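One structure is given below, encoded as structure tokens.
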Amino acid sequence: MLTYFKAFRRTLAVAAVALAAFSLQPGSAQAQDPTARPGPGVVGGTRAAQGEFPWMVRLSMGCGGALYTQQIVLTAAHCVDGSGPNTSITATAGVVDLQSSQAIKVKSTQVVQAPGYTGTGKDWALIKLAKPVNLPTLKIADNTAYNNGTFTVAGWGAATEGGSQQRYLLKANVPFVDDATCQKAYGGALTPGDEICAGYLEQGGVDTCQGDSGGPMFRKDDAGAWIQVGIVSWGEGCARPGYPGVYSEVSTFAANIRTAAASLGG
Ligand code: ARG
């Protein structure tokens, strides 16, 4: 409990700094006083260290992503408009501070939105970059072995429900929630084979939120390497008790992602 409140207080401090430096909602009461709406605020996260998650990418439409290869970003289908040539997206990589002069910025050339995506399930997409970036990539889970335990999530999205986007990358840990339990919260809105849930079911307080979409949910594999098991997709509000975060189940789509990446040529 103590650690939890420490993390909470620190996030509010981070949120306050970010709001002052990077306010996107100058008119809202919440933007002026983030403490006015206590809601453990990524919600419930702390600042990621520079280089801690080197494959994290911020996309210009306001989503997250991860380097699947040095020239292909894995993100969410709902973050893109469709498939085909696309030079309108800018990926920012290599930094936790989006305003850093060290930021690597690369434009997109092509997008593959999950074939058959209609807004339910299949929430993945690939974005090919104009040139490779010299950064580590994040491998994806191609079987269900790691679809359990405690996951890490990271992103520049809102640190409170309805809050503003963040300048600095935030991270948090969230426990796996099984399909049956998650279906109790979401009923038929959940596509269990395509989606994996995570969060503190009883107490809420820690979650991804708007603007984190497309970013990875990951954990350590048996060899101690990071492996991506989810893609930030949706949830009822953010960090609400009883409503876990819903993530695309990467292992379900691993073969399709591989094929799509091959079609993009690396
Ligand atoms: N759909 C949101 C986005 O576009 C992500 C929401 C995640 N919500 C949650 N409660 N985990 O950024």
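The values are calculated or read from the model by the stated rules, or taken from the named source; none is laboratory data. No experiment lies behind these values; they were computed from the predicted model shown. Accessible surface areas use protein heavy atoms only, side chains included; no ligands, DNA or RNA. Shrake-Rupley method; radii C 1.70, N 1.55, O 1.52, S 1.80 Å.
The mean of 1/r over all pairs of different alpha-carbon atoms in segment 155-218, once inverted, gives a Kirkwood hydrodynamic radius of 12.9 Å. Here Lys184 is the anchor, and the lysines within straight C-alpha reach of less than 22 Å, apart from those fewer than 8 places off in the same chain, are Lys122. The residues Tyr247, Tyr168, sorted by heavy-atom accessible surface at 1.4 Å with ligands and nucleic acids left out, run Tyr168, Tyr247 from largest to smallest. Which pairs in the list Lys139/Lys220; Lys128/Lys171; Lys107/Lys131 are over 18 Å apart, alpha-carbon to alpha-carbon? Pairs exceeding the cut-off: Lys128/Lys171. Ranked from largest to smallest solvent-accessible area, with a 1.4 Å probe on the protein heavy atoms, Lys131, Lys122 come out as Lys131, Lys122. Rounded to two decimals, the Cα radius of gyration of segment 39-194 over 2.2 N^0.38 Å is 1.07.
Hey, could you get me the Stokes-Einstein D for segment 160-266, Kirkwood radius over alpha-carbon pairs, 20 °C and 1.002 mPa s, rounded to whole µm² s⁻¹? Rounded to a whole number, D works out at 145 µm²/s. Using heavy atoms of the protein chains and a probe of 1.4 Å, the accessible area assigned to Trp55 is about 10 Å². Principal axis extents of the Cα atoms in segment 78-149, from largest to smallest and rounded to whole angstrom, are 38, 34, 19. Here the accessible area of segment 111-266 is 49 percent carbon and sulfur, with a 1.4 angstrom probe and all protein chains present.
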